[in-house]
Amino acid sequence: MRPAPVPSISAMLRRALLLLALPALAGAQHSFSTSGESYDPAVPVPSTILGYRIGEQFTPHHMMLRYVDAVAAASRRVHVDTTGYSVEGRPLLLVAVSSEGNIGRLAEIRADAQRLADPRNVAATEWESAVGRLPAIVWLEHSVHGGEASGFESAMALLYELAAANDAATRGALENVVVLIDPSENPDGHERHVHDVQRARGLGPIPVTPGAIIHRGSWPGPRFSHYGFDLNRDWFILSHPESRARTAAFMQWWPHVAVDLHEMGTNSTFYFAPPMEPNNHNNPEHLAEWFERFGRAHAAAFDAHGWSYFRREGYDSFYPGYGEAWPMLTGAIGMLFEAAASSGGAIRREDGTIRTLHDAVWQHYTAEHATVMYSAANARELVRDYAEFRRAPARDDGPRGMVFARDLDGRADSLAALLLDNGIEVSRLTGDASVSGTAYGATSAATARANAGSYAVSYDQPQGRLARAILEPDARLDTVFIRTELESRRTGMPDRFYDVTAWSLPYAFRLAAWETRTLPAATEPVTRESLRPDATAPSRARYAYAFEPGSEASLRLLGALLADSVRVWYAQRAFTLGGVSFPRGAFLVRVASNDSSVHARVRAGAVAAGAHVTPLMSAAVDSGIDLGSNSVMFVRQPRVALVGGSPVGASSFGFAWYALDQRLRYPVTTVDIGFASGSGLDEFNVLIVPSASAGALDRELGEGGRANIARWVRNGGVLITLENATTWLATERLGLARVRVKRDSSRADSAGGAPLPARVPGAIVRVTADTLSPLMAGIRDTAFPVFLNSDRVLTVPEDLEAGEAVIRFAAADRLRLSGYLWPEAPEQRALSPWVWTERAGGGRVIGFVEDPNFRDLFRGLLPIFANAVLLGPSW
């Protein structure tokens with residue numbers, strides 16, 4: 001996409017002339033000055049570029065770019081890099097600020113930082129010299145949630161202060177520190193917020209009433225990225241260009257301190273480290289002391305103003321995908337700042353005070369400035385602690401590494417590539433080897449055979465803590481923490497699970513894997529280049545082109561062919577032809593049933609998708625059913641509508657949109673729920689309803705809308721529901737499914753006798769599947785991991801038919817694989833459906849109890865969702 005437009009030069013000249021007429025404004029320092037009147041007059045004050053003081057209104061992204069460019073042009077303390085572009089084409093910046101001398105030798109500083117980040121081949125004397133001369137590197141990232149915009153404004157204020165202040169304290173600090181400012185982690189979401197506020201702003205003061213439109217924003221809200229993702233959960237998943245650019249830049253610099261600036265509720269105060277429990281057991285041991293030390297420095301800065309704040313509650317450091325948690329696992333002092341939000345710029349709080357944007361920016365600026373100054377004052381200790389950690393990051397307890405098997409569908413290759421993008425070294429077994437350890441999903445150690453080509457990851461490497469955190473089968477939760485949570489739950493108190501408790505990548509990619517204390521010796525290093533798929537075009541077929549189901553490459557090829565109106569068939573039974581065996585669910589492109597361009601289109605599609613395609617010369621097979629059989633099913637072209645807008649959950653919508661748009665590259669039309677009430681629905685044969693409550697969907701649709709959807713399904717449409725929308729599918733009033741939501745009437749020992757909350761805080765569990773269903777095309781496993789993150793439980797009808805409860809939760813004693821389940825959860829969910837499908841007249845309904853596309857994390861589940869969309873209209 002093209003970058004956002006920038007105002008014309010003539011418009012900027014008019015603004016500059018206006019400001020010249022306002023000398024008091026133009027000559028003022030920024031609102032939070034900490035250095036008196038000692039500033040370099042050549043460096044532009046923010047107001048001379050923006051036309052207002054920082055904190056008076058929200059700044060559009062293009063004006064921030066203009067201000068950064070102006071400061072960089074005027075100050076020898078500043079260097080600016082463009083690290084990438086957002087989905088919508090906005091530049092992502094990294095602004096380095098330090099002394100003139102340090103800016104002049106940035107390449108040398110980066111080289112020293114990289115020596116300490118990977119010291120294995122660095123001589124002891126050179127290591128010691130680098131520790132002694134390297135400035136502390138402080139990474140400051142702002143407004144990953146677009147509506148939490150005070151960080152975005154604070155970045156400009158801090159940039160001016162560090163670039164222009166001439167007092168001795170600032171100049172001395174900049175000799176000892178390099179500050180890296182990422183002013184906008186999520187520019188697309190930020191612009192959504194700025195535009196919402198601008199559209200709701202009148203001539204008068206900002207309405208401070210909490211319910212005013214200016215404080216509410218429009219769907220999907222500014223928190224999220226273009227695709228509706230929370231980028232503060234994407235640091236190791238790396239699905240989005242913003243995340244990939246950011247981590248790549250981080251690994252060029254290897255900072256020693258990393259701070260992520262956020263906002264929380266308007267009635268709160270300010271949060272800074274130390275975090276609350278639980279702590280990820282892989283986090284470096286030196287963090288605890290530094291949290292306390294920085295916490296005291298931040299407290300002193302806030303006490304000077306008489307501001308309130310809190311620590312050790314509300315926010316944890318458990319999930320490794322946060323903007324401060326991923327850096328922690330590299331050895332940096334990762335810290336989170338949370339300021340009370342001002343919403344649309346000024347809002348009345350419960351105590352009657354007005355929280356303004358100026359207030360929030362001032363507090364963020366104060367905390368950032370204190371971080372920079374404290375880091376500079378303690379640079380030698382920070383660098384040494386970091387360097388010592390990188391020299392010996394492995395823990396002595398537990399496994400020393402892991403092995404994951406290569407699969408037929410390329411998921412292991414994709415995981416290896418993802419690990420490399422996280423800076424984690426991966427090796428490949430050069431021959432078959434024995435692995436002594438515990439298989440993922442097993443309860444005891446054993447010896448297994450790993451085939452040549454399997455991948456190995458040692459935890460004894462500089463990125464070993466991060467590797468272990470995202471690969472280990474089960475993230476440890478402290479038993480004292482769990483006992484406390486159980487007691488709090490019993491007495492009616494809320495739990496402290498801030499995010500999911502399981503994310504193990506081998507489970508998420510659906511791979512066989514083992515943890516071991518001894519890795520195989522015969523390995524070779526893996527590079528990104530060695531993982532590139534073989535995109536060889538097939539030779540010319542006489543009868544058909546065939547390709548296997550299940551891999552992302554084959555699904556992209558299937559989607560491309562269907563979107564290009566190529567006729568495709570689906571072989572419901574396995575067969576062997578010409579010495580090549582194909583599993584159940586192989587796809588066929590018959591030559592005679594397409595026009596003469598089919599050869600070129602299949603060849604081009606195979607190369608573009610990276611899929612392996614086999615040319616077939618005959619319909620007569622060596623074994624199995626001949627390819628002209630009626631069991632070979634024609635695949636109807638899916639015409640897909642994806643429901644968005646209120647009341648649909650923005651993330652659930654975004655996850656599905658991203659899966660279709662980016663993973664499958666299949667065209668989809670996004671519509672609102674009102675569209676489903678009208679005749680326009682008849683243009684489509686697949687309707688996807690992401691997560692939304694049953695009550696909200698009913699209110700939006702009304703009786704007429706429900707009837708229209710029911711009519712459409714019975715006339716041949718495929719309705720796919722995700723998460724909460726599946727509770728709507730399961731209602732009797734919709735009348736399309738026989739499955740129902742389980743009503744738990746059991747009472748527990750909580751205060752007042754009410755049922756205990758049943759929501760599982762993001763665990764990985766085992767399911768069993770009916771592998772004969774087309775939904776399982778390409779899935780060879782009868783049992784595999786899925787995500788569980790809710791309190792939804794479905795019950796099957798007494799007249800259950802084959803092929804309806806396609807995927808079911810395992811028995812209670814085999815359910816849990818990773819993460820935390822409340823004690824009663826296994827029995828509640830055992831054998832209940834995870835995916836339900838049934839015929840409804842001439843159409844079909846497919847309900848996912850959980851989201852198979854969650855965060856783009858569970859790549860092993862993508863084929864199931866893809867099969868629902870691409871094959872749903874055909875069976």
To the nearest 0.05, the calculated FRET efficiency linking W219 and D682 through their beta-carbon distance, R0 being 25 Å, is 0.50
Under the 7 Å Cα-to-Cβ spin-label approximation, T269 and T82 lie apart by a distance in nanometres of 4.4
In the range 379-421 the accessible area split gives carbon plus sulfur, as whole percent at 1.4 Å, a share of 47
Here, S629 and Q662, labelled 7 Å along Cα→Cβ, have an inter-label distance in nm of 4.0
Looks like the range 428-563, by Cα gyration tensor root eigenvalues a ≥ b ≥ c and the a/c under 1.5 rounded cutoff (else prolate when a/b is bigger than b/c, oblate otherwise), is oblate
The FRET efficiency for R120 and V480, from their Cβ-Cβ distance with R0 = 60 Å and rounded to 0.05, is 0.95
Length gained if A563 through D396 is fully extended, taking 0.36 nm per residue and subtracting the Cα-Cα distance, is 54.8 nm
With the 1.4 Å probe rolled over protein heavy atoms, the chain has an accessible area per residue in Å² of 37
Summed over the other residues with a beta carbon less than 11 angstrom from that of A710, with K and R at +1 and D and E at -1, the charge totals +3
Subtracting the Cα-Cα distance of S539 and S38 from 0.36 nm times their residue separation yields 173.0 nm
Measuring from the longest principal axis of the C-alpha atoms of the chain, the long axis of helix 241-253 (C-alpha) lies at a number of degrees, nearest 10, equal to 50
With +1 on the Cβ of every Lys and Arg and -1 on the Cβ of every Asp and Glu, the dipole magnitude of the range 241-363 about its Cα centre, in debye rounded to the nearest 20, is 240
Place a point 7 Å from the Cα of T430 in the direction of its beta carbon; the residues of the range 507-523 whose amide N falls under 20 Å from it are 518-523
With label points set 7 Å from each Cα along the Cα-to-Cβ direction at A604 and R380, the distance between them in nm comes to 6.6
By the C-alpha gyration tensor axes a ≥ b ≥ c (rounded if a/c is under 1.5, else prolate when a/b exceeds b/c, else oblate), the shape of the range 371-493 is oblate
Note to self: C-alpha centroids of the range 277-307 and the range 340-409 sit apart, in Å, by 10
In terms of the alpha carbon gyration tensor, root eigenvalues a ≥ b ≥ c, rounded if a/c is under 1.5 and otherwise prolate when a/b exceeds b/c or oblate, the range 604-643 is oblate
Taking a label point 7 Å from the Cα of N166 along Cα-to-Cβ, the residues of the range 67-81 whose backbone nitrogen sits under 17 Å from it are 74-78
On the formula 1/(1 + (r/R0)^6), with r taken between the Cβ atoms of K742 and R699 and R0 of 25 Å, the FRET efficiency rounded to 0.05 is 0.60
Scalar couplings 3J(HN,Hα) for the range 100-106 by Karplus 6.51 cos²θ - 1.76 cosθ + 1.60 (θ = phi - 60°), nearest whole Hz, x for Gly and Pro, are 4, x, 5, 4, x, 10, 4
Helix 411-421: inclination vs the chain longest Cα principal axis, degrees, rounded to 10, gives 10
Computed for the range 444-559: size of charge dipole around the Cα centre, +1 on C-beta of each Lys and Arg, -1 on C-beta of each Asp and Glu, debye to nearest 20, value 260
The distance between the Cα centres of the range 806-875 and the range 43-84, in whole Å, is 49
In terms of the charge dipole of the range 468-585, which places +1 on Lys and Arg and -1 on Asp and Glu at the beta carbon, the residue among F497, T527, P538 farthest towards the positive end is P538
Measuring from the longest principal axis of the C-alpha atoms of the chain, the long axis of helix 862-871 (C-alpha) lies at a number of degrees, nearest 10, equal to 50
Reviewing (i) 2, 10, 15, 17, 17, 14, 10, 7, 4, 2, 1, 0, 0; (ii) 2, 12, 20, 21, 17, 12, 8, 5, 3, 1, 0, 0; (iii) 2, 12, 20, 24, 20, 14, 7, 2, 0, the figure for P(r) over Cα pairs in 10 Å bins from 0, in percent actually calculated from this model sits under (iii)
Expected unfolding gain across L772-A212 under the 0.36 nm per residue rule, minus the alpha-carbon gap, is 196.2 nm
In whole percent, the fraction of accessible protein surface over the range 296-362 that belongs to carbon or sulfur atoms, probe radius 1.4 Å, stands at 47
Excluding ligands, DNA and RNA, the carbon-plus-sulfur percentage of the accessible area of the range 724-875 with a 1.4 Å probe reads 49
Computed about the Cα centre, the charge dipole of the chain from +1 Lys/Arg and -1 Asp/Glu charges at the Cβ has a magnitude in debye, to the nearest 20, of 1980
Percent antiparallel among DSSP beta bridges confined to the chain, nearest 5, equals 70
Output ordering of 647-657, 662-672 (per-residue mean of other Cβ within 10 Å, highest first) is 647-657, 662-672
Check: C-alpha center the range 98-130 vs C-alpha center the range 591-634, spacing in Å is 57
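The values are calculated or read from the model by the stated rules, or taken from the named source; none is laboratory data. Keep in mind the model is a prediction, meaning the values are calculated, not measured. A quick note on method: Cβ atoms are made from the backbone with ideal geometry, for glycine too, and the neighbour counts reach across all protein chains shown. These area figures cover heavy atoms from the full protein model, side chains too; ligands, DNA and RNA do not enter into them. Shrake-Rupley method; radii C 1.70, N 1.55, O 1.52, S 1.80 Å.
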